[in-house]
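Undergrad: Below you will find the structure I want to go over with you.
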Amino acid sequence: MNYTELSSAIQAYTENTETDFVANIPVFVTQAEQRIYNSVQFPSIRRNVTGSMTTNNKYLQCPLDFLSVFSLAVINASGEYEYLLNKDVNFIRQAYPQPTDTGIPRYYALFGPRSDDAAELTFILGPTPDAGYSSELHYYFYPPSISVAPFTSWLGDNFDTVLLYGALVEAYTYMKGETDMMALYNGKYQEALALAKRLGDGLERGDAYRDGQTKLRVTT
């Protein structure tokens with residue numbers, strides 16, 4: 001389902017083609033996408049980037065579209081990946097109180113906004129890097145909405161049911177619709193979300209070799 005099909009379906013389900021309503025459909029869709037992405041950890045909302053840890057600089061900048069960490073690794077001089085442990089800022093400050101406490105980083109914490117740009121977050125590392133190391137960050141982000149060019153998305157292509165009913169809940173909230181219809185749309189959304197979680201938080205995290213095949217109990 002692309003955005004044109006999704007928009008047409010929303011208008012058909014709600015029987016609403018008013019100009020203001022149609023103009024707000026991108027808002028309904030974006031809100032629904034955010035709710036879904038914060039409920040299910042699809043691999044499609046995860047990406048990785050490489051970066052550089054600077055000698056004697058205990059801070060590492062986050063990507064602009066960063067939401068949360070999946071993993072952070074430092075690549076040592078032998079090319080081996082060493083995964084850092086997530087800690088509180090307080091732990092790192094106490095364990096490595098001086099900037100001269102250097103070595104290959106073992107820990108990291110989400111430090112907060114940069115002083116020169118409140119929109120950009122940074123990590124604090126412990127200990128302070130004693131050399132220039134490469135790093136690899138896997139993190140969660142919001143993929144581009146289906147409501148912007150090229151008007152397609154992984155969610156629209158692979159699980160449009162949850163996207164449609166999620167957008168209908170937002171649309172019907174905007175319309176201040178009848179309670180029974182709102183309950184119906186929300187129920188359908190919850191059903192679709194449960195199936196999406198089965199995929200994103202279940203099937204995509206295992207296989208038959210490791211987890212065995214799903215089996216239903218047979219009664220006689």
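Undergrad: Would you please list the contacts, defined by Cβ atoms under 6 Å and residues six or more apart or on different chains, that run from a residue in the stretch 96-113 that is without any contact (Cβ under 8 Å) to a residue 60 or more places away in the chain and closer than 15 Å to Asn86 by Cα to a residue that is of a type in the set (D, E, K, R) and open to solvent by 70 Å² or more (accessible area, probe 1.4 Å)?
TA: Pairs found: Tyr107/Lys87; Ala109/Lys87; Ala109/Asp88.
Residues checked against (1) out of contact with any Pro (no Cβ under 8 Å at 6 or more places or on another chain); (2) under 30 Å from Gln190 (Cα atoms):
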position: Gln11; (1), (2): yes, yes
position: Asp20; (1), (2): yes, yes
position: Ala32; (1), (2): yes, yes
position: Ile36; (1), (2): yes, yes
position: Ile45; (1), (2): no, yes
position: Gly51; (1), (2): yes, no
position: Asn56; (1), (2): no, no
position: Tyr59; (1), (2): yes, no
position: Tyr108; (1), (2): yes, no
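Undergrad: Next question. Considering the stretch 145-194 alone, what residues qualify as being open to solvent by 80 Å² or more (accessible area, probe 1.4 Å), under 16 Å from Ser44 (Cβ atoms) and assigned to a helix (DSSP H, G or I)?
TA: Answer for the stretch 145-194, where residues must be open to solvent by 80 Å² or more (accessible area, probe 1.4 Å), under 16 Å from Ser44 (Cβ atoms) and assigned to a helix (DSSP H, G or I): Trp154, Asp157, Asn158.
Undergrad: Give the stretch 135-144 a look and list any residue that's open to solvent by 60 Å² or more (accessible area, probe 1.4 Å) and out of contact with any Asp or Glu (no Cβ under 9 Å at 6 or more places or on another chain), or say none.
TA: Narrowing the stretch 135-144 to residues open to solvent by 60 Å² or more (accessible area, probe 1.4 Å): 142, 144.
Residue satisfying the conditions is Pro144 alone.
Undergrad: Which condition breaks for Asn38 when tested against (1) surrounded by fewer than 15 Cβ atoms within 10 Å (Cβ to Cβ); (2) under 25 Å from Gly112 (Cα atoms); (3) in contact (Cβ under 8 Å) with a residue 12 or more places away in the chain?
TA: Of the numbered conditions (1) surrounded by fewer than 15 Cβ atoms within 10 Å (Cβ to Cβ); (2) under 25 Å from Gly112 (Cα atoms); (3) in contact (Cβ under 8 Å) with a residue 12 or more places away in the chain, the odd one out for Asn38 is (3).
Undergrad: Something else: Go through the stretch 41-68 and give me each residue that's hydrophobic (A, V, I, L, M, F, W, C), within 13 Å of the chain's Cα centre (by Cα) and either open to solvent by 30 Å² or more (accessible area, probe 1.4 Å) or within 21 Å of Leu199 (Cα to Cα) (or both).
TA: Going through the stretch 41-68, the residues hydrophobic (A, V, I, L, M, F, W, C) turn out to be 42, 45, 49, 53, 60, 62, 64, 66-67.
Keeping just the survivors that are within 13 Å of the chain's Cα centre (by Cα) gives 42, 45, 66-67.
Those that are hydrophobic (A, V, I, L, M, F, W, C), within 13 Å of the chain's Cα centre (by Cα) and either open to solvent by 30 Å² or more (accessible area, probe 1.4 Å) or within 21 Å of Leu199 (Cα to Cα) (or both): Phe42, Ile45, Leu67.
Undergrad: Would you confirm whether any residue within the stretch 94-108 is in a helix (DSSP H, G or I) and either open to solvent by 80 Å² or more (accessible area, probe 1.4 Å) or over 25 Å from Arg46 (Cβ atoms) (or both)?
TA: Applying the first criterion (in a helix (DSSP H, G or I)) to the stretch 94-108 yields 94-95.
Going one step further and asking which of them are either open to solvent by 80 Å² or more (accessible area, probe 1.4 Å) or over 25 Å from Arg46 (Cβ atoms) (or both), we end up with 94-95.
Yes: one or more hits.
Undergrad: Between residues in the stretch 132-148 that are at pLDDT 90 or above and among the β-branched types (Val, Ile, Thr) and residues that are open to solvent by 20 Å² or more (accessible area, probe 1.4 Å) and not in a strand (DSSP E or B), which pairs lie under 6 Å by C-beta distance while being six or more apart or on different chains?
TA: Ile146/Tyr3
Undergrad: Could you list, in sequence order, the residues of the stretch 42-67 that are in a loop (DSSP other than H, G, I, E, B) and in contact with a helix residue (DSSP H, G or I) (Cβ under 7 Å, 6 or more places away or on another chain)?
TA: As a first pass, look at the stretch 42-67 and keep what is in a loop (DSSP other than H, G, I, E, B): 42, 54-58, 62-67.
Phe42, the sole residue that qualifies.
Undergrad: Turning to a different aspect of this structure: For the stretch 71-79, does any single residue satisfy the condition of being touching a strand residue (DSSP E or B) at 6+ places or on another chain (Cβ under 8 Å), part of a strand (DSSP E or B) and closer than 27 Å to Val162 by Cβ?
TA: yes
Undergrad: Hey, does the stretch 69-81 have a residue that's under 20 Å from Thr54 (Cα atoms), open to solvent by 50 Å² or more (accessible area, probe 1.4 Å) and touching a Gly at 6+ places or on another chain (Cβ under 7 Å)?
TA: no
Undergrad: Identify all residues within the stretch 1-16 that are aliphatic (A, V, I, L, M) and in contact (Cβ under 8 Å) with a residue 12 or more places away in the chain; write none if there are none.
TA: Result: Met1, Leu6, Ala9, Ile10.
The values are calculated or read from the model by the stated rules, or taken from the named source; none is laboratory data. Note that the structure is a prediction, hence the values are computed from the model and not measured. Virtual Cβ from ideal backbone geometry, glycine too; neighbours counted across all protein chains shown. Just the protein is used for accessible areas: all its heavy atoms, side chains included, with ligands, DNA and RNA removed. Shrake-Rupley method; radii C 1.70, N 1.55, O 1.52, S 1.80 Å.
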